[in-house]
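Right, one structure below, let's go through it.
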Amino acid sequence: MQAEALLQRWQHVKQHIQRLTEKHQRTPNSVSLLAVSKFHSSDAIATLANAGQDCFGENYVQEMLQKASILSELNIDWHFIGPLQSNKCKEVAQTASMMHSLDRIKLIPLLAEHRPATMPPLQVCLQMNIDDEHSKAGVKRYDELHALAKAVLTHPQLQLCGLMTIPAPSHSFEQQSTTFAKLRQYRDQLQQDLGLPLPTLSMGMTADLEAAIAEGATIVRIGTDIFGPRPIKE
Ligand SMILES: *Cc1c(COP(=O)(O)O)cnc(C)c1O
């Protein structure tokens with residue numbers, strides 16, 4: 001895509017988020033845009049970064065590292081949003097500012113151990129599988145969520161921020177809203193039980209953006225609406 005067209009799409013998404021924020025009576029600027037750049041070029045990322053987009057989401061460790069290295073001159077916050085294997089925790093801990101997809105206890109000490117002391121704590125969201133999909137990552141029950149949260153809190157190199165989910169694909173606004181409302185309720189419960197603020201709700205993609213904003217998303221993860229369809233590789 002030409003830089004001009006990409007910038008236009010990005011502006012359009014930002015305006016759309018702003019309109020939905022007003023429509024659903026959310027606090028102005030309380031929804032931030034994570035540009036999901038998986039499979040898209042470093043050039044496209046650079047175009048948006050130079051225009052002021054500061055956060056990019058990647059699903060694959062190797063791809064994130066390559067892009068972070070090529071674009072190291074730019075001031076980019078990398079968010080890791082994909083499934084993580086224990087042998088790749090080191091790279092994520094050394095590169096990312098936020099990890100959205102934590103769903104296993106085993107990864108926690110590895111991420112903490114490898115977080116460089118020169119960097120601020122790695123921000124962490126716990127991923128939930130609200131719709132109970134077999135193919136999806138994420139914890140399904142509150143007791144699992146609570147145990148994960150407690151484990152994160154034992155490591156000062158990690159900062160527990162909130163929750164993340166990917167709903168089952170659905171074209172129904174009602175169904176999308178139900179899933180996102182459940183994530184918010186889990187967050188409220190966890191916040192109360194821990195006695196700590198958990199401000200982040202990472203939810204909402206191209207197809208379910210409005211329902212997510214209506215239900216309290218604070219980070220929306222948008223790929224297709226900004227960059228166009230992904231090159232086939234998934
Ligand atoms: C790919 C991906 C997105 C972006 O999805 P779009 O439908 O392209 O906006 C968001 N979140 C996660 C976890 C993803 O893997």
For the charge dipole of segment 16-80, defined by +1 on Lys and Arg C-beta atoms and -1 on Asp and Glu C-beta atoms about the Cα centroid, which residue among 47, 21, 78 has the Cα displaced farthest towards the positive pole?
21
Mind jotting down the distance between the C-alpha centroids of segment 160-234 and segment 20-64, whole Å?
14
Pairs of alpha-carbon atoms within less than 8 angstrom and 6+ residues apart define the contacts here; what relative contact order does segment 70-151 have, in percent?
26
Point-charge dipole on Cβ atoms (K/R +1, D/E -1) for the chain, about Cα centre, debye to 20:
200
In nm, what is the difference between 0.36 nm times the number of residues separating residue 87 and residue 224 and their Cα-Cα distance?
46.4 nm
For q values of 0.10, 0.11, 0.15 Å⁻¹, compute log₁₀ I(q)/I(0) with the Debye formula on a Cα-only model of the chain, without solvent.
-0.44, -0.54, -1.04
If the viscosity is 1.002 mPa s and the temperature 20 °C, what translational diffusion coefficient in µm²/s does Stokes-Einstein give for segment 157-234 when Rh comes from Kirkwood over Cα pairs?
159
Would you work out the charge dipole size for segment 175-229 about its Cα centre, treating the Cβ of every Lys and Arg as +1 and the Cβ of every Asp and Glu as -1, and quote it to the nearest 20 debye?
100
Label-to-label distance, nm, for residues given as residue 143 and residue 118 (7 Å Cα→Cβ offset):
4.5
Rounded to two decimals, the Debye log10 I(q)/I(0) of segment 39-95 (Cα scatterers, no solvent) at q = 0.13, 0.20, 0.21, 0.23 Å⁻¹ is -0.30, -0.68, -0.75, -0.88
Using the Cα atoms of segment 19-142, I'd like the radius of gyration and the largest Cα-Cα distance, Dmax, both in angstrom.
15.7, 44
Using alpha-carbon pairs under 8 Å, 6+ residues apart, how would you state the relative contact order of the chain in percent?
21
For 165, 118, 224, order by how many other beta-carbon atoms lie within 10 Å, fewest first
118, 224, 165
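Bear in mind that the values in this text are calculations on the coordinates, not laboratory data. The structure displayed is predicted, hence computed values, not measured ones. When we count neighbours, we look across all protein chains shown, and the Cβ atoms used for this are built from the backbone with ideal geometry, even at glycine.
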